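The values are calculated or read from the model by the stated rules, or taken from the named source; none is laboratory data. Please read all numbers here as calculations on a predicted model, not as lab measurements. Glycine also receives a Cβ, built like all others from the backbone with ideal geometry; neighbour counts cover every protein chain displayed. SASA here: full protein model, heavy atoms, side chains in, ligands and nucleic acids out. Shrake-Rupley method; radii C 1.70, N 1.55, O 1.52, S 1.80 Å.
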Amino acid sequence: MATVQVNPTRMELTRLKKKLVTARRGHKLLKDKRDELMRQFLELVRENRTLREKVERGIRKANQNFVLASAVMDDASLKTALLAPGQSVSLEMETRNVMSVDIPVFQYKTRTPDENDIYSYGFAFTSGDLDDAVKSLSEVLPDMLRLAEVEKACQLMAAEIEKTRRRVNALEHVMIPDYLDKIKYITMKLDENERSTQIRLMKVKDMMLKQQYEMKHQDAAAD
């Protein structure tokens, strides 16, 4: 209490009480935000783990097929087959707001809707393993984009959770206790001043009564 620096007036007491109400309301809202962010963050982490395992399986399968294809095809034929892709992909990014965090949302479009356009070569002089490798990569593309989206969302939400946690701790352990200490200090000072005023009034009253008593005695003695 000795370190409290505040003007002990009723106006200051009213102002601090209003600030305390606002701080407590903000503390509750930030705690609710932090809890909801944590809930959604954990859901994204679980989805991220599932997607990563699925993507790694798809890429591993594609690599295995490429190895098999390169074993039965010479390098020149393999490079020629993949030299001019018949399909292309365009990526668009939007954002959606989740608890004041702008989460990226990826949308991709292929140049043509035909699924067979992923094969940029004829089938007469290529291995079936190459077809399987290209198909595996095509199938894993949506999951790869979703994985990138989820991982970025996890990073952004983790940063927002940390920022919100710091704010909650600042309110809970610094600002609210500081307001409470100041309110307690001012209340004690005002009570002390009120008691002092009452004591002074009582003393003045006693002096006035004593003076009146003495004046009555003097008047009675004069009569």
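With respect to the conditions (1) assigned to a helix (DSSP H, G or I); (2) touching a strand residue (DSSP E or B) at 6+ places or on another chain (Cβ under 8 Å); (3) open to solvent by 50 Å² or more (accessible area, probe 1.4 Å); (4) not polar (S, T, N, Q), residue 172 lacks only one, and its number is (2). Looking at region 125-147, can you tell me whether even one residue there is more than 26 Å from residue 53 (Cα to Cα), outside any helix (DSSP H, G or I), open to solvent by less than 90 Å² (accessible area, probe 1.4 Å) and not hydrophobic (A, V, I, L, M, F, W, C)? For region 125-147, residues more than 26 Å from residue 53 (Cα to Cα), outside any helix (DSSP H, G or I), open to solvent by less than 90 Å² (accessible area, probe 1.4 Å) and not hydrophobic (A, V, I, L, M, F, W, C): present. Considering region 57-74, the residues that are within 39 Å of the chain's Cα centre (by Cα) and among the hydrophobic types (A, V, I, L, M, F, W, C) include one that is least open to solvent (accessible area, probe 1.4 Å), namely 62. Filter region 68-121 down to the residues that are touching a Pro at 6+ places or on another chain (Cβ under 9 Å) and under 30 Å from residue 43 (Cα atoms) and list them by number. Once the filter is applied, which keeps residues that are touching a Pro at 6+ places or on another chain (Cβ under 9 Å) and under 30 Å from residue 43 (Cα atoms), region 68-121 yields 93, 94, 95, 96, 108. Just one of the listed residues (20, 37, 82) is touching a Phe, Trp or Tyr at 6+ places or on another chain (Cβ under 6 Å) and not basic (Lys, Arg), and it is 20.
Let's see how each residue does on (1) at pLDDT below 90; (2) surrounded by fewer than 16 Cβ atoms within 10 Å (Cβ to Cβ):
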| position | (1), (2) |
| --- | --- |
| 2 | yes, yes |
| 5 | yes, yes |
| 14 | no, yes |
| 33 | no, no |
| 39 | no, yes |
| 55 | no, no |
| 76 | yes, yes |
| 79 | yes, yes |
| 88 | yes, yes |
